[in-house]
Amino acid sequence: MGYQLKVPPCAYAGAGSIEAVKGIIAREQSKSILVFTDKGIRSTGLLNPLTHCLDEIGVQYTVIDDLKPEPAYTDVEETLRQAQVVESDIIIALGGGSVMDAAKLCSVLIRAPYTIQNLLDDPSLAKKQIKTVMIPTTCGTGSEATCNAIVAIPEEQSKKGIVNDDMIPDYVILDPAMIAALPKSIVAATGVDALAHVVECYTSKKATPFSDTYALAGARLIFQNIRRAYENPQDEEAKEAMMLGAFYGGVAITGSGTTAVHALSYPLGGKYHIPHGVSNAILFAHVMEFNQDACQERLAALCDAVWPHMSRSEEEAKARYVIDEIADIVKVTNIPTDLKEFGVKKDDLDFLVEAGSRQTRLLVNNRKELSLEDIRELYKKVLK
Ligand SMILES: NC(=O)c1ccc[n+]([C@@H]2O[C@H](COP(=O)([O-])OP(=O)(O)OC[C@H]3O[C@@H](n4cnc5c(N)ncnc54)[C@H](O)[C@@H]3O)[C@@H](O)[C@H]2O)c1
Ligand SMILES: [Zn+2]
């Protein structure tokens, strides 16, 4: 079986690229726009450069600004209800993965004959009803590049991905000004999420030459810039590198797929509402350590690509280096890793093992098979 590269057809990047929105609206001959964002982002003033552009070209727009972080499918239904009553021909999402995922879902749900529950049962039903423009304001999810949207399922105390090619964004604007003032804790969590995307996709069973190209390019950018972006918010070069790295991570996800880090992190997000980047960070080094023997060659190749002048020559030492770097990045960026802080107790182990083992969509991508006992041991490591 061959393999495929899927990328959004049009992406703009670099300082001032927000201005590209004017050309997009002209090209699409859009008359009425829906803008999705959340209250946190609105309060930073980040919406202003966008609305300024829209005002300049005199196009009509409606802002929906109460999208929820890490939305449940019911939250997306609520946003859809608001969106349905507005005459619109394009959706612009300005936000992190939460806003972008909700926008991608609404782009296939608006005026459609099926519901989000139908899509949870059968994602193949999704058909694009309206085009999308993604303007990420975090440096993590890569949702601006993917065909995926992740929603929490409160009844199952977990999260689920809805995946369909029709959800791939039509336009992407990667303007580093959007993350210039991003709080350090969010730079850390979303940056480590992006790092998990590229490392998992490169070591995934489903890796292809296309996904490898993007995963390695993303790994170089993120490993080399995440500490800088965290330590010095003014470092524009590092911030731009993080935005590109996160986008490449998204392209890698579409070509290959994340693995056990993301799979086991879903119950932590779904039940305890631990932010996505944080739950991945908690598991990341432990899972890669577990995977090391099955992924050693790949981790060593990743090491060569990111640190070409590495003095270590043994494959094992190179793989070890990558895992140690991951652990160090999580540590120096002060991501909280104590699950007790999030209300997770030792007694929750059985729930975690059961819910984690149900994430088969991603577990099947892991190069090393995980038994129930392996999953239990991994959760035990982070439940200390
Ligand atoms: N679709 C995909 O391919 C994909 C991949 C990975 C994760 N996800 C999903 O994305 C969601 C997480 O997205 P995220 O990590 O980007 O965070 P987020 O969108 O949930 O945002 C986190 C917080 O940061 C705030 N924020 C965002 N940008 C800001 C800025 N520039 N300045 C100040 N505050 C800002 C928001 O208001 C919010 O409170 C999860 O639901 C996760 O499951 C999707
Ligand atoms: Zn992720």
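The values are calculated or read from the model by the stated rules, or taken from the named source; none is laboratory data. It should be emphasised that the depicted structure is a prediction, and the values quoted were computed from it without experimental measurement. When we count neighbours, we look across all protein chains shown, and the Cβ atoms used for this are built from the backbone with ideal geometry, even at glycine. Calculation scope for accessible area: heavy atoms of the full protein, side chains included, ligands and nucleic acids excluded. Shrake-Rupley method; radii C 1.70, N 1.55, O 1.52, S 1.80 Å.
If you go through the range 251-259 one residue at a time, do you hit one that is more than 30 Å from D348 (Cβ to Cβ) and away from ligand 2 (no atom under 16 Å from the Cβ)? The answer is no; no qualifying residue exists.
Among residues of the range 315-333 that are touching a residue at least 24 places away in the same chain (Cβ under 8 Å), those with a beta-carbon under 6 Å from a residue that is part of a helix (DSSP H, G or I) and open to solvent by 50 Å² or more (accessible area, probe 1.4 Å) at least six positions away or on a different chain give the pairs I323/E289.
For the range 82-100, a residue qualifies if it is part of a helix (DSSP H, G or I), within 16 Å of ligand 1 (Cβ to nearest atom) and small (G, A, S), and the qualifying residues are G97, S98. When the range 278-300 is filtered for residues that are closer than 30 Å to S17 by Cβ and either open to solvent by 10 Å² or more (accessible area, probe 1.4 Å) or aliphatic (A, V, I, L, M) (or both), the ones remaining, listed by number, are V278, A281. Inside the range 173-202, can you point out the residues that are of a type in the set (D, E, K, R), within 25 Å of P9 (Cβ to Cβ) and within 14 Å of the chain's Cα centre (by Cα)? Passing the criteria: only D193. Does T74 count as over 18 Å from V133 (Cα atoms) and more than 13 Å from ligand 1 (Cβ to nearest atom)? So T74 passes the test.
Determine whether A246 is in contact (Cβ under 8 Å) with a residue 12 or more places away in the chain, touching a strand residue (DSSP E or B) at 6+ places or on another chain (Cβ under 9 Å) and either open to solvent by 40 Å² or more (accessible area, probe 1.4 Å) or within 13 Å of ligand 2 (Cβ to nearest atom) (or both). It is true that A246 is in contact (Cβ under 8 Å) with a residue 12 or more places away in the chain, touching a strand residue (DSSP E or B) at 6+ places or on another chain (Cβ under 9 Å) and either open to solvent by 40 Å² or more (accessible area, probe 1.4 Å) or within 13 Å of ligand 2 (Cβ to nearest atom) (or both).
Looking only at residues of the range 153-167 that are surrounded by fewer than 22 Cβ atoms within 10 Å (Cβ to Cβ) and either hydrophobic (A, V, I, L, M, F, W, C) or within 14 Å of ligand 2 (Cβ to nearest atom) (or both), we find that the one that is farthest from the chain's Cα centre (by Cα) is I153. From the list A181, A149, A194, the lone residue that is within 9 Å of ligand 1 (Cβ to nearest atom) and open to solvent by 10 Å² or more (accessible area, probe 1.4 Å) is A181. Within the range 276-321, being over 23 Å from I226 (Cα atoms) and either of a type in the set (D, E) or in contact with a Gly (Cβ under 7 Å, 6 or more places away or on another chain) (or both) holds for D293, E297, E314, E315, E316.
Condition check for D65 on (1) on the phi > 0 side of the Ramachandran plot; (2) within 16 Å of ligand 1 (Cβ to nearest atom): one failure, at (1). G270 satisfies every condition listed in (1) over 21 Å from C201 (Cβ atoms); (2) crowded, with 22+ Cβ neighbours inside 10 Å; (3) out of contact with any Asp or Glu (no Cβ under 9 Å at 6 or more places or on another chain) except (3).
Once the range 309-349 is narrowed to residues that are of a type in the set (K, R) and over 21 Å from P183 (Cα atoms), the residue that is modelled with the lowest pLDDT is R312.
I'd like to check something: does the range 46-67 contain any residue that is over 24 Å from Q29 (Cα atoms), assigned to a helix (DSSP H, G or I) and open to solvent by 10 Å² or more (accessible area, probe 1.4 Å)? No, the range 46-67 contains no residue that is over 24 Å from Q29 (Cα atoms), assigned to a helix (DSSP H, G or I) and open to solvent by 10 Å² or more (accessible area, probe 1.4 Å).
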